[in-house]
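Visitor: Provided herewith is a single structure, encoded as structure tokens, for subsequent inquiry.
Derivation of every value follows stated rules applied to the coordinates shown; laboratory data play no part. These figures come from a predicted structure and were not determined experimentally. Ideal geometry is used to build each Cβ from the backbone, glycine not excepted, and the neighbour counts take in all protein chains shown.
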Amino acid sequence: DMQDFPTSRSNFPPRQFQRSVHIAEIVNDKLTAARTVVIRFLESDATVERMTVKVKEALGCVEEITLTDSQGNEIVDSEGTRSSSYWKQNSRKIYAIFEDDFVEFQNGRRQKTRRRSEETGILQEVLGKIDQLKQATETLQNATEAINLLSDLAKVKSTTARQAEQLHLVMDAFCCHVCKSLMSKPMFSTCCQSLLGCQMCVEHWLLNTNYCLKCRAEDFEFKVHEVKGLSAVLAFLKEVHTE
Ligand SMILES: [Zn+2]
Ligand SMILES: [Zn+2]
């Protein structure tokens, strides 16, 4: 009888984890650990948003910070980063960069990338974006094909007619179903497992209708979600496309 066991399983305190986060300084366009803070967290804290708050609390700062990997790539919200198994591995180094420094760092890297891309062809630049895109779209069915195409494109050194055509296919995958331009703040729908369009376009659609704009499923408003972490990739695609 459960009454005889007051310390039943549900009464145990939730499991706590800890990890160190390096506070980064940018020296000669490279990340350097200025100091380290130790963050204690629960399973429910294991998201990019919550971990960012935790680091800010540990620093006692109000300035915005960005969490990155050791290469300075922003850690984005995804299936993979929504679990303690991602955050508790201390072999995976995590850096926190103050917002101003992060902008400066990205600008520096962008200039460097641009210089390099002039030598090896614009499509090489895509390579650096693929991991970011993969992480953000792991669970999105119709984005997988686009990512594979991006991978192929990144491997080539010059543009042939066929590759240019593939780049157009990638652009199509991220084309808004409403306004027909490259999505801004892309929205994903669970009814048809599809990237649908810009947040603004989808919200406008929802003003008059409550069915999916692609598959016509009912209760659309409960099925559509913003896809975080794709903005940087889309900004990049836009830039490549206009060049
Ligand atoms: Zn749109
Ligand atoms: Zn749908």
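Visitor: Show log10 I(q)/I(0) for segment 14-111 at q = 0.12, 0.24 Å⁻¹, two decimals, from a solvent-free Debye sum over equal Cα scatterers.
Guide: Rounded to two decimals, the profile gives -0.36, -1.34.
Visitor: What number comes out for the charge environment of residue 31, summing +1 per Lys or Arg and -1 per Asp or Glu over other residues with Cβ under 10 Å away?
Guide: Numbers: positive: 30, 93; negative: 25, 29, 69, 101.
That sum, taken over residues with Cβ under 10 Å, equals -2.
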